[in-house]
1. Can you name the residue in the stretch 93-115 that is open to solvent by 40 Å² or more (accessible area, probe 1.4 Å) and in contact (Cβ under 8 Å) with a residue 12 or more places away in the chain and, of all such residues, is nearest to residue 53 (Cα to Cα)?
2. Return the residue satisfying two criteria in turn: it lies in the stretch 117-131 and is part of a helix (DSSP H, G or I) and open to solvent by less than 60 Å² (accessible area, probe 1.4 Å), and of such residues it is modelled with the lowest pLDDT.
3. If you scan the stretch 137-154, which residues turn out to be open to solvent by 20 Å² or more (accessible area, probe 1.4 Å), among the aliphatic types (A, V, I, L, M) and touching a residue at least 40 places away in the same chain (Cβ under 8 Å)?
4. Tally the residues that are among the polar types (S, T, N, Q) and farther than 19 Å from residue 272 by Cβ, restricting the search to the stretch 194-226.
5. Taking only the stretch 183-201 into account, find how many residues are open to solvent by less than 70 Å² (accessible area, probe 1.4 Å) and part of a helix (DSSP H, G or I).
6. Being among the polar types (S, T, N, Q) and under 20 Å from residue 222 (Cβ atoms) is the filter here; which residues of the stretch 74-127 pass it?
7. Looking at (1) without any contact (Cβ under 8 Å) to a residue 12 or more places away in the chain; (2) closer than 30 Å to residue 28 by Cβ; (3) of a type in the set (A, V, I, L, M), which is the only condition residue 187 fails?
8. If you scan the stretch 21-32, which residues turn out to be open to solvent by less than 90 Å² (accessible area, probe 1.4 Å) and aliphatic (A, V, I, L, M)?
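The values are calculated or read from the model by the stated rules, or taken from the named source; none is laboratory data. Everything numeric in this text was worked out from a predicted model, so none of it was measured. When we count neighbours, we look across all protein chains shown, and the Cβ atoms used for this are built from the backbone with ideal geometry, even at glycine. SASA here: full protein model, heavy atoms, side chains in, ligands and nucleic acids out. Shrake-Rupley method; radii C 1.70, N 1.55, O 1.52, S 1.80 Å.
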Amino acid sequence: MEEFRIPLGDWIEAGVDYIRENFTPLLDGISAAIDLVAESVESSLEFLPYWLLIILLVALGFWRVGWKFALFTLLALGLVVGLDLWDETVSTLALVLSATFVALVIGIPIGIAMAKSDTVETIIRPILDLMQTLPAFVYLIPAAMFFGLGKVPGTIATVIFAMPPVVRLTNLGIRHVDREHIEAGLAFGCTGRQLLFKVQLPLAMPSIMAGVNQTIMLALSMVVIASMIGAGGLGNTVLTGIQRLDVGLGFEGGLGVVVLAIILDRITQSFGTPTKGGGGLFASLRSLFHRVTPTDQETAQPASDQGSGTPRQA
């Protein structure tokens, strides 16, 4: 009996060849767009002196998380500079930010469409399952075949690998908005667009930011793999350590990835929850420099009296 085999691999290869032969202008356009985003982000980060970028990240950590995290950010980035890995760290940060930006531009609208239509969700869900479970190394093959070697295929492979969480959590966040809020918006005459942007998306923001956080983490986990097709950055340092069996070099590169992961994770998590001050940086500055006047005290007095439950004399 002749052995039965489904030639799926041959079909996929034929499809890839067909795309390469007939969709070259489209592939060139995608490559140019991704290259523009990646080069713009990396050039912007490289334009800043290392000490200024460190100050900006420390200030952002202080604003969003607190002084302890700001101190950690300062020490961790100082360690990266001391290990002479600053250029590689900036390159990796640019890759992660570029891939995350593209993933959000594509993924959030898809998540919104899934939330609006059960049919779209039924179609997209198996695709997301495939994207999340397919081994990450498999993405390198078509990326390299379609776009060659360098940052562009590395960014595209990272986008495909890291996009599913933001799609799923955008869909989940919008679907879990209370029906009462939607009915209230409709009762006040909201159109479909107003209902989406003024009711559903703001209420779903914690879930969406959790998806952004997970997308960034997956993008960082793809850094080493993407370096195999020329993405560069800290992944290239780790890959060089593996090729040379240099444990120290590999550990230093991995430590740089860990530092970036912790900083980006804590900062993006903070955007999904309100700050402790209740109003962010500008509210804190207003409260610091705002002079309390007698009129302010008289205005605040009735509220305090009502809150304490004590009657006020006429």
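1. That would be 97.
2. 131
3. Once the filter is applied, which keeps residues that are open to solvent by 20 Å² or more (accessible area, probe 1.4 Å), among the aliphatic types (A, V, I, L, M) and touching a residue at least 40 places away in the same chain (Cβ under 8 Å), the stretch 137-154 yields 144, 145, 149.
4. Count: 2.
5. 8
6. Of everything in the stretch 74-127, those that are among the polar types (S, T, N, Q) and under 20 Å from residue 222 (Cβ atoms) turn out to be 89, 91, 92, 98, 100.
7. For residue 187, the failing item is (2).
8. Matches in the stretch 21-32: 27, 30, 32.
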